[in-house]
Structure formats: C-alpha cells, structure tokens
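Chemist: Quick one: the structure is below, and I'll ask about it shortly.
Just so it is clear, none of the values below were taken in a lab; they were calculated from the coordinates. On a predicted model such as this, the values are computed, not experimentally measured, just so you know. Cβ coordinates were reconstructed from backbone atoms using ideal geometry, including for glycine residues, and neighbour counts include every protein chain displayed.
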Amino acid sequence: SNGAYKGYKRDLYEGGIRVPFIASWPGQIKAGTTSDHISAFWDMMPTFADMIGTDHPENIDGISMLPALTNQGTQKEHEYLYWEFNSVGGRKAVRMGKWKGVQYGIRKNPEA
C-alpha cells in the first residue's frame, strides 16, 4: 500500500518510490532508532563497502548512509536524486530537498 502518498509502484511520485528501510546490526545500530535520511538504492554499495572497511569507486552517485544507520559521524546528503523510466511512455523525476519535479510522456529518441 502507498498509504497517504500519491502514486503506485513504478510511479515516480512518493507512493511509487518511497519505502521504509529496516536495518539490524547488533552492537552497531541501536534498536528502535529512526532517521529521516533520504537515500536511494544506489547508496547501498558504498554503505556496504563502508561497513566492511573497503574502498568503493569515487565516480558513482551513491553516498554511504552508514553515519545515519550508526548515528556516528556526519551524514552526507544528496544534492539531488534523479530517476528515469523509459517504459510506459517514459517518466523522469528529480528531487531536491523537499521538492520534486515529475515529468511523464518522455520518450527516448530510438535513433540516439
């Protein structure tokens, strides 16, 4: 269910992309804590890399969310988040802070 949020799955409104993230890591993540940190799937790889203490590529869009999970250090924030789906007529969205722009009916040029 998307609850009170507009949209449905594979939609770019909050009802289509907002999901809870639940994490358990005894001794590292305090039980019952919550965070308002906004992240995306592409943040998982740098987060896992930080968890095991290894480097990750610098030229990726993901930002480790380990500081938000462990409440240690300063959590970096995304300047913006961008989504694009080329199916169903094409859709794209950008989120900056609390604002989001959504555009439907975008089709990629098949010759590009």
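Chemist: State, as an integer percentage, the relative contact order of the chain based on alpha-carbon contacts under 8 Å between residues 6 or more apart.
Modeler: 16
Chemist: Between residue 80 and residue 29, what is the label-to-label distance in nm when each label sits 7 Å out along the Cα-to-Cβ direction?
Modeler: 3.0
Chemist: Rank the residues 84, 58 as a footprinting-exposure proxy: fewest other Cβ atoms within 10 Å of their Cβ go first.
Modeler: Ranked by crowding around the Cβ, least crowded first: 58, 84.
Chemist: Grab the beta carbon distance between residue 58 and residue 4, set R0 = 41 Å, and tell me the FRET efficiency rounded to 0.05.
Modeler: So the FRET efficiency works out to roughly 0.60.
Chemist: Quickly work out the residue 13-to-residue 38 label distance, labels modelled 7 Å from Cα along the C-beta direction, and quote it in nm with one decimal.
Modeler: 1.7
Chemist: Give 9/92; 6/98; 30/98; 6/92; 9/98 a once-over and call out the pairs whose C-alpha atoms are over 18 Å from each other.
Modeler: Over 18 Å Cα-Cα: 30/98; 9/98.
Chemist: Now, a different point. Any chance you could list the semi-axes, whole Å, largest first, of the equivalent ellipsoid that the Cα gyration tensor gives for the chain, using √(5λ)?
Modeler: Over the Cα atoms of the chain, the semi-axes work out to 29, 18, 12 Å.
Chemist: Under 5 Å between amide H atoms, partner at least 5 residues away or on a different chain: which partners does residue 100 have, H built in plane at 1.01 Å?
Modeler: none
Chemist: Same structure, new question: What whole-number distance in Å separates the alpha-carbon centres of the range 33-100 and the range 1-20?
Modeler: For the range 33-100 versus the range 1-20, the Cα centre distance is 18 Å.
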